[in-house]
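The values are calculated or read from the model by the stated rules, or taken from the named source; none is laboratory data. Computed from a predicted model, the values in this text were never measured in an experiment. We place every Cβ from the backbone using ideal geometry, glycine too, and count neighbours over all the protein chains shown. Side chains included, ligands, DNA and RNA excluded: accessible areas come from the protein's heavy atoms. Shrake-Rupley method; radii C 1.70, N 1.55, O 1.52, S 1.80 Å.
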Amino acid sequence: AAVAAAVTWRRWAGPVAALARGRPWRAGALFGGGLALANFVVGVPLSITRYAWGRHFGIVTQGVGPWLADVGKGLAIGTGLSALLGLGVTVAAARAPRRWWVWVAGGGIALVCVGTWITPLVVEPLFQRTRPLGDSALARQITDIARAEGVDVRTVLVNDASTRTNAANAYVSGYGSSRRIVVYDTLLRDFPRDQVRVVVAHEVAHVAERHVVWGTALGAAGTVALVLVGFGVAGRGGTECRDALRVVSRLAAAVAVAGTLSTPAANLVSRAMEREADRAALEVTHDPAAAEALFRGFVHTSLSAPSPPTAVHLWFGTHPSIAERVGTARRFAGRR
């Protein structure tokens, strides 16, 4: 957010316009790609510190070479996407000076929806490898859990998480006949089978409760709101390259700042969905003891804070605290 706000100081606009030879779409692409690179450079010390701390405390297992390769892939994807966004905004601002926000909002909605669909199929394989689950009995138990929750899953895969981390998790990806459950190999390695079933039931619940659909819809609505905020800050566009650059830089700043300030609200929704998935997993597995042991295990394998400071949790917490999740399991046990 600070970087995006800083670039509204437009000493760079003249050189960028000259480099783009007065073409708004070229200028927008250069701005978008440049902003992504600037954010990357500013964030390098934080990324290195995060990696070093993760290695020191045993959460990160990835070597320096593979880590740098993943960083490079992420940078390439982020820069390309940011350049495409900058191009789209500047073209809209040049061709529809008064209504550019309509086209940008529509494009943002399309990007959110398409991203939800293609990320598991196209982006995730660039950073991980998967193989079929070799334990046929466990695979059958997992598909039975999915069936009990009304979700059709035909494939259970294991991903090579241990090459990157000691943290454990699972997730559901794909749609329709391509839907599959992916389990971290660290989950299979470090947790007993009853706890693995709890994790799977939780992840399948997200699909059963249509959390992905709701999340995509809320993301699309949030995109429209952010674009409207950006329009209020940036104002009308123009056919000149400098006008288009003014719009895209102010829009980027407004979206970055407003998006950062809205993080607690987004995480509030996320925590509500995670609570619902926890309850659904307990209803399906009927094993609150395994759920409590699982949550306690997360404290050790992921170094999760059982009860983080309230302000930190409200701002950054995407899941209920471990203490709250343990309490949910105990209350369920008390009802039985």
* Structure fact -> In the stretch 1-15, residues that are open to solvent by 50 Å² or more (accessible area, probe 1.4 Å) and closer than 11 Å to Leu245 by Cα total 3
* To do: Could you tell me which numbered condition Trp53 fails, if it satisfies all but one of (1) closer than 18 Å to Arg250 by Cα; (2) loosely packed, with under 13 Cβ neighbours inside 10 Å; (3) aromatic (Phe, Trp, Tyr)?
  => (1)
* Asked: Any chance the stretch 61-79 includes a residue that's surrounded by 15 or more Cβ atoms within 10 Å (Cβ to Cβ), aromatic (Phe, Trp, Tyr), closer than 14 Å to Leu126 by Cα and in contact with a helix residue (DSSP H, G or I) (Cβ under 7 Å, 6 or more places away or on another chain)?
  -> yes
* Restricting attention to the stretch 259-306, which residues are under 30 Å from His56 (Cα atoms), open to solvent by 50 Å² or more (accessible area, probe 1.4 Å) and more than 23 Å from the chain's Cα centre (by Cα)? -> Arg296, His300
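Hey, does the stretch 70-80 have a residue that's touching a Lys or Arg at 6+ places or on another chain (Cβ under 9 Å), hydroxyl-bearing (Ser, Thr, Tyr) and touching a residue at least 40 places away in the same chain (Cβ under 8 Å)? Lay out the reasoning, then the answer.
The first filter runs over the stretch 70-80 and keeps only residues touching a Lys or Arg at 6+ places or on another chain (Cβ under 9 Å), leaving 70.
Next, only the ones that are hydroxyl-bearing (Ser, Thr, Tyr) stay: none.
Scanning the stretch 70-80 turns up no residue that is touching a Lys or Arg at 6+ places or on another chain (Cβ under 9 Å), hydroxyl-bearing (Ser, Thr, Tyr) and touching a residue at least 40 places away in the same chain (Cβ under 8 Å).
What helices (runs of 4 or more DSSP H), lying completely within the stretch 111-228, carry at least 3 residues that are open to solvent by 60 Å² or more (accessible area, probe 1.4 Å)?
Values: elements: 136-148, 185-190, 193-208.
Of the helices (runs of 4 or more DSSP H) lying wholly inside the stretch 111-228, those with at least 3 residues that are open to solvent by 60 Å² or more (accessible area, probe 1.4 Å) span 136-148.
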* Taking interchain pairs and intrachain pairs at least six residues apart, which have beta carbon atoms under 8 angstrom, with the first residue in the stretch 105-116 and more than 16 Å from Val255 (Cβ to Cβ) and the second assigned to a helix (DSSP H, G or I) and open to solvent by 40 Å² or more (accessible area, probe 1.4 Å)? -> Thr116/Val212
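In the stretch 186-196, is there at least one residue being more than 22 Å from Gly28 (Cα to Cα), basic (Lys, Arg) and out of contact with any His (no Cβ under 9 Å at 6 or more places or on another chain)? Outline the logic, then answer.
Filtering the stretch 186-196 down to residues more than 22 Å from Gly28 (Cα to Cα) leaves 186-196.
Checking the rest, the ones that are also basic (Lys, Arg) come to 189, 193.
Next, only the ones that are out of contact with any His (no Cβ under 9 Å at 6 or more places or on another chain) stay: 189, 193.
Yes: the stretch 186-196 contains one or more residues that are more than 22 Å from Gly28 (Cα to Cα), basic (Lys, Arg) and out of contact with any His (no Cβ under 9 Å at 6 or more places or on another chain).
Kindly evaluate Ile48 against the criterion of being more than 30 Å from Ala221 (Cα to Cα) and part of a helix (DSSP H, G or I).
Criteria met by Ile48.
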